[in-house]
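Q: Please find one structure pasted underneath; my questions will follow.
The values are calculated or read from the model by the stated rules, or taken from the named source; none is laboratory data. Keep in mind that what you see is a predicted model, and the values were worked out from it rather than measured. Reconstructed Cβ throughout: ideal geometry from the backbone, glycine too, with neighbour counts over all protein chains shown. Accessible surface areas use protein heavy atoms only, side chains included; no ligands, DNA or RNA. Shrake-Rupley method; radii C 1.70, N 1.55, O 1.52, S 1.80 Å.
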Amino acid sequence: GVAGLLIKRAGEDPGIYLNADDSLNRQRFTCAHELGHYIDRATDDDENWHFVDRRDALASRGTEPREIYANAFAANLLMPADVVRSLRRMY
């Protein structure tokens, strides 16, 4: 039930872990999502934290602010709005 995990420990680089059973496209989105969590938290003073992204009813509601940010970050990283608009005009 875990899609991805981001761990940051004091004095260490952050680590992103992905579910190897997921499709490559799902892994790409999960990695981008975890990067979003990192960007969101990188300016916090707390040097030890983690995010576990599960596939459950709470996650699917999309109401938690940090999850909303990470999803938006991933979507914009993988599908920049200007590129999507230009492709739409082509077809």
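Q: Does any residue of the range 50-61 turn out to be outside any helix (DSSP H, G or I) and free of Cβ contacts under 8 Å to residues at least 12 places away in the same chain?
A: The answer is no; no qualifying residue exists.
Q: Identify, please: which residue in the range 1-57 is more than 23 Å from Asn76 (Cα to Cα) and at pLDDT below 80 and is, among those, least open to solvent (accessible area, probe 1.4 Å)?
A: Trp49
Q: So is Ser86 surrounded by 10 or more Cβ atoms within 10 Å (Cβ to Cβ), free of Cβ contacts under 8 Å to residues at least 12 places away in the same chain and more than 13 Å from the chain's Cα centre (by Cα) or not?
A: In short, yes.
Q: How many of the residues making up the range 77-91 are in a helix (DSSP H, G or I) and farther than 18 Å from Gln27 by Cβ?
A: 10
Q: Among residues belonging to the range 1-37 that are touching a helix residue (DSSP H, G or I) at 6+ places or on another chain (Cβ under 9 Å) and assigned to a loop (DSSP other than H, G, I, E, B), point out the one that is nearest to Tyr69 (Cα to Cα).
A: Pro14
Q: When the residues of the range 58-78 are narrowed to those that are surrounded by fewer than 13 Cβ atoms within 10 Å (Cβ to Cβ) and not polar (S, T, N, Q), which ends up modelled with the highest pLDDT?
A: For the range 58-78, the residue satisfying everything is Ala72.
Q: Could you please tell me which pairs satisfy a Cβ distance under 7 Å, a separation of 6+ or placement on different chains, a first residue in the range 1-21 that is without any contact (Cβ under 8 Å) to a residue 40 or more places away in the chain, and a second residue that is open to solvent by 70 Å² or more (accessible area, probe 1.4 Å) and assigned to a loop (DSSP other than H, G, I, E, B)?
A: From residues that are without any contact (Cβ under 8 Å) to a residue 40 or more places away in the chain, the pairs are Arg9/Asn48; Ala10/Glu47; Ala10/Asn48.
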